[in-house]
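This report refers to the structure that appears directly beneath it.
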Amino acid sequence: MDLMEKITSLAKRRGFIFQGSEIYGGYQGFWDYGPLGVELKNNIKKEWWKSMVYEREDVVGMDAAIIMNPIVWEKSGHLKAFTDPLVECKVCHKRFKADDETAVKGHGKEHAGKAEWTIPKNFNTLTEVFLGVTEPKDKAYLRGEITQGVFVNFKNVVDSTRVKIPFGIAQIGKAFRNEITPGNFTFRDREFDQMELEYFVRPDEEKSKETFNFWKDVRKKWYVNLGINPDKLRFRDHEPEKKAHYARYATDLEYEAPFGWSEFEGIHHRGDFDLKNHNLKYHDDLTNEEFTPWVIETSGGVDRALLFFLIDSYTEDSSTGSEPRVFLKLNPRLAPYKAAVFPLLKNKPELVDKAREIYFNLKKRFNAAWDDRGNIGKRYFAQDEIGTPWCVTVDFQSLDDQSVTVRDRDTAKQERVAIDKLGEYFQNRLLI
Ligand code: GAP
C-alpha cells in the first residue's frame, strides 16, 4: 500500500473522513467528517482563530452568509473571471482541467496515448443555486471564496468596532467550487472550508510588500509550530499569467504531498481591487483623508490542512516488533482525543470505578476517550493510530497510592503521575 492508500484507509476505518453520500455510491468532490475528523477539523480551526484573532489586537473576526446578493459576484469579477481552462477528450468526451497535467497525461494513457483534446475553453467554477417561490426562480451562487463576505461588510466592521488601519478581518467558513476534476482524496473538493485573513493597509507599494512578507512568514511558522515538517514546505510565486484576477501578486505555500508539491495556502496582494469594485472607502479620522485601502490576504484550506496534517504525522516505527507500530504524531493541540483512560482489568469494579471517575474529570477539561476492551497493548495500538498523545491506566497500585501510569504516544515511555495532579499535568503539556 502506498502512503495515500494507508491514509485513506485509516481515515475511513477510524472515523476521520467518509466519502460523501457513500451508501448511494458517493458524490464526486464531497466528503463527510466522522467523529474523529470533526474533532481534528475543529481543532485546526480553533488554533487558527486563536493565533489570528485572539493573540492579536489588530484583527477582528466575522461570519458572513454563504449566499449573497448575486451583484456581489458581478462586482467582484467572479462571474467573468472565476474560471479554469477546460479540455474535452475527443475520443470519450470526458472533461479535464487543462492545467492538471497528471490527470490529462493519465487519461492519455487510457487511450494508449491517442487522446485528442479540444482547444481549452474557460469554465466558470461558481456553483449556481436557485431561490424564490416564483418561476423561473432567481439565480444566485454559493460563494466561490469566503472573502467577498468580508469586503461587503468592510464599512459595517469599521463603523461598529474601534479598528483603525492597518487592521484585519478573519473568517472561517464554507466555499464551493464546481471543480472540473476534484480528486486526490480531500485535496480538491467541490465543498470545502477556508480560513482567511483580509488585512487592510494604506496604499503604499513598499510597506504593503513588507506586510505581504510578514504574513508569509507568520503563516508558514503556524504550520511548522503545529508540527508540519519544514523541509516539506516551500513558497511558489504565481506566474503573472496564472495569478487570480484580483491579485497584484501572489505566492502559494506548498506541501510536498505523496502526489507532488501542492498548494496549502495562498498569500495574495489584492491591492484595491475588491474595495474599489464595491465602491467602499476608508476615512482616516486623524488625518481626515479618504482612500481605498489595499488588502493583503492569507487564504488557507481547512480540508487541505487536515489532509496534510494526517499525511505529515503518519509514522511507522518498525523498531519494536515484527509489526510496525503505526501512530499519528499529531501535535497534542490538534489530536482528536487528548488522553485515553483505561482500567487495567475490565472485570474489577474497583479499577473500573476509579478509572471512570478520572475519565469524567478529564472530560470536563478536554476530549478524552474510554477503552476497556482487549489487553492494554491493543488499546495503545488503537489510540496510537488516531494520534491520542497520552494513555492513562488505572491499576492496583492506583488504589493504594492514588497514582496512575501515563504513557506517551511518541516515546511509548510511561511515568507515574498522582491522580490529583493529572489535570495540571496535561494542561502544561497542551500549552507547549
Ligand atoms: N480568497 C482567495 C482564495 O480563495 P484560492 O487560492 O483560490 O484563494 C485558497 O484558495 C485556499 O483554499 C487554497 O490554498 C486551498 O487551501 C483552498 N482551496 C481552494 N480550492 C479548493 C478545493 N477545490 N478543495 C479544497 N480546498 C481548496
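Return a yes/no flag: does the range 22-42 have any residue that is at pLDDT 95 or above, touching a strand residue (DSSP E or B) at 6+ places or on another chain (Cβ under 8 Å), open to solvent by less than 30 Å² (accessible area, probe 1.4 Å) and more than 27 Å from Gly183 (Cα to Cα).
no
What number of residues in the range 235-282 are in a strand (DSSP E or B) and either within 14 Å of the ligand (Cβ to nearest atom) or within 20 Å of Glu205 (Cα to Cα) (or both)?
From the range 235-282, those in a strand (DSSP E or B) are 235-237, 249-257, 260-271, 282; that's our starting set.
After this cut, where a residue has to be either within 14 Å of the ligand (Cβ to nearest atom) or within 20 Å of Glu205 (Cα to Cα) (or both) as well, the list is 235-237, 249-255, 257, 261-271, 282.
Within the range 235-282, residues that are in a strand (DSSP E or B) and either within 14 Å of the ligand (Cβ to nearest atom) or within 20 Å of Glu205 (Cα to Cα) (or both) number 23.
Could you list, in sequence order, the residues of the range 372-417 that are within 26 Å of Leu40 (Cα to Cα), of a type in the set (A, V, I, L, M) and either touching a helix residue (DSSP H, G or I) at 6+ places or on another chain (Cβ under 9 Å) or open to solvent by 30 Å² or more (accessible area, probe 1.4 Å) (or both)?
If the condition is that a residue be within 26 Å of Leu40 (Cα to Cα), of a type in the set (A, V, I, L, M) and either touching a helix residue (DSSP H, G or I) at 6+ places or on another chain (Cβ under 9 Å) or open to solvent by 30 Å² or more (accessible area, probe 1.4 Å) (or both), then Ile376, Ile386, Val392, Val406, Ala412 are the ones that fit.
Among the residues in the range 293-312, are any small (Gly, Ala, Ser) and within 18 Å of Ile169 (Cβ to Cβ)?
Within the range 293-312 (the criterion being small (Gly, Ala, Ser) and within 18 Å of Ile169 (Cβ to Cβ)), the answer is yes, since at least one residue qualifies.
Test Ile296 against the criterion of being within 16 Å of the ligand (Cβ to nearest atom), of a type in the set (A, V, I, L, M, F, W, C) and touching a Phe, Trp or Tyr at 6+ places or on another chain (Cβ under 6 Å), and give yes or no.
yes
Please specify each residue of the range 157-199 satisfying the condition of being more than 8 Å from the ligand (Cβ to nearest atom), of a type in the set (Ser, Thr, Tyr), modelled with pLDDT of 95 or more and in contact with a helix residue (DSSP H, G or I) (Cβ under 9 Å, 6 or more places away or on another chain).
Tyr199
Keeping to the range 200-217, report how many residues are closer than 24 Å to Glu263 by Cβ, open to solvent by 20 Å² or more (accessible area, probe 1.4 Å) and away from the ligand (no atom under 16 Å from the Cβ).
The qualifying residues number 6.
Determine whether the range 277-293 contains at least one residue that is hydroxyl-bearing (Ser, Thr, Tyr), farther than 22 Å from Glu47 by Cβ and touching an Asp or Glu at 6+ places or on another chain (Cβ under 6 Å).
Within the range 277-293 (the criterion being hydroxyl-bearing (Ser, Thr, Tyr), farther than 22 Å from Glu47 by Cβ and touching an Asp or Glu at 6+ places or on another chain (Cβ under 6 Å)), the answer is yes, since at least one residue qualifies.
Quick one: what pairs do we get from the range 248-266, first residue under 23 Å from Pro293 (Cα atoms) and open to solvent by 60 Å² or more (accessible area, probe 1.4 Å), second of a type in the set (S, T, N, Q) and more than 13 Å from the ligand (Cβ to nearest atom), C-beta under 9 Å, 6+ apart or different chains?
Arg248/Ser208
Mind listing just one residue for me: the one in the range 320-331 that is surrounded by fewer than 21 Cβ atoms within 10 Å (Cβ to Cβ) and closer than 20 Å to Arg379 by Cβ and, of those, nearest to the ligand (Cβ to nearest atom)? I'd like the intermediate steps shown before the answer.
Here is the first cut: in the range 320-331, the ones surrounded by fewer than 21 Cβ atoms within 10 Å (Cβ to Cβ) are 320-326, 329, 331.
Cutting the leftovers down to closer than 20 Å to Arg379 by Cβ gives us 320-326, 329.
Numbers: Thr320: 36, Gly321: 38, Ser322: 39, Glu323: 34, Pro324: 31, Arg325: 31, Val326: 26, Lys329: 22 Å.
My answer is Lys329.
So is Asp217 out of contact with any Lys or Arg (no Cβ under 7 Å at 6 or more places or on another chain), free of Cβ contacts under 8 Å to residues at least 12 places away in the same chain and not aliphatic (A, V, I, L, M) or not?
Numbers: out of contact with any Lys or Arg (no Cβ under 7 Å at 6 or more places or on another chain): yes; free of Cβ contacts under 8 Å to residues at least 12 places away in the same chain: yes; not aliphatic (A, V, I, L, M): yes.
Criteria met by Asp217.
Among the residues of the range 81-101, are any among the charged types (D, E, K, R), farther than 28 Å from His238 by Cα and open to solvent by 60 Å² or more (accessible area, probe 1.4 Å)? Give the derivation first.
Residues of the range 81-101 among the charged types (D, E, K, R): 84, 88, 90, 94-95, 97, 99-101.
Retained after the next criterion (residues that are farther than 28 Å from His238 by Cα): 90, 94.
Checking the rest, the ones that are also open to solvent by 60 Å² or more (accessible area, probe 1.4 Å) come to 90, 94.
Taking every residue of the range 81-101 in turn, at least one turns out to be among the charged types (D, E, K, R), farther than 28 Å from His238 by Cα and open to solvent by 60 Å² or more (accessible area, probe 1.4 Å).
Please specify each residue of the range 66-76 satisfying the condition of being open to solvent by 60 Å² or more (accessible area, probe 1.4 Å) and touching a helix residue (DSSP H, G or I) at 6+ places or on another chain (Cβ under 7 Å).
Correct list: Lys75 only.
For the condition away from the ligand (no atom under 16 Å from the Cβ), at pLDDT 95 or above and either closer than 18 Å to Gln383 by Cβ or not basic (Lys, Arg) (or both), what is the one hit in Asp317, Asp353, Asp312, Asp303?
After ruling out the rest, the residue left standing is Asp353.
Any residue in the range 46-69 that is outside any loop (DSSP other than H, G, I, E, B), over 30 Å from Val158 (Cβ atoms) and in contact with a strand residue (DSSP E or B) (Cβ under 6 Å, 6 or more places away or on another chain)?
no
Suppose we filter the range 195-223 for residues that are among the β-branched types (Val, Ile, Thr) and over 21 Å from Glu254 (Cα atoms); how many remain?
Count: 1.
Say whether the condition of being out of contact with any His (no Cβ under 8 Å at 6 or more places or on another chain) and either closer than 30 Å to Ala170 by Cβ or in a loop (DSSP other than H, G, I, E, B) (or both) is met by at least one residue in the range 357-364.
Step one: of the range 357-364, the residues out of contact with any His (no Cβ under 8 Å at 6 or more places or on another chain) are 357-364.
Among the residues that remain, those that are also either closer than 30 Å to Ala170 by Cβ or in a loop (DSSP other than H, G, I, E, B) (or both) are: 363-364.
Yes; the residues of the range 357-364 include at least one that is out of contact with any His (no Cβ under 8 Å at 6 or more places or on another chain) and either closer than 30 Å to Ala170 by Cβ or in a loop (DSSP other than H, G, I, E, B) (or both).
Go through the range 111-168 and tell me which strands (runs of 3 or more DSSP E), entirely inside it, have 2 or more residues that are out of contact with any Lys or Arg (no Cβ under 6 Å at 6 or more places or on another chain) and among the basic types (Lys, Arg).
By residue number, no strands (runs of 3 or more DSSP E) qualify.
The values are calculated or read from the model by the stated rules, or taken from the named source; none is laboratory data. Quick caveat: nothing in here was measured; it's all calculated off a predicted structure. No Cβ is skipped: glycine too gets one built from the backbone with ideal geometry, and neighbour counts run over all protein chains shown. Remember, those area values only see protein heavy atoms, side chains included, never the ligands or the DNA or RNA. Shrake-Rupley method; radii C 1.70, N 1.55, O 1.52, S 1.80 Å.
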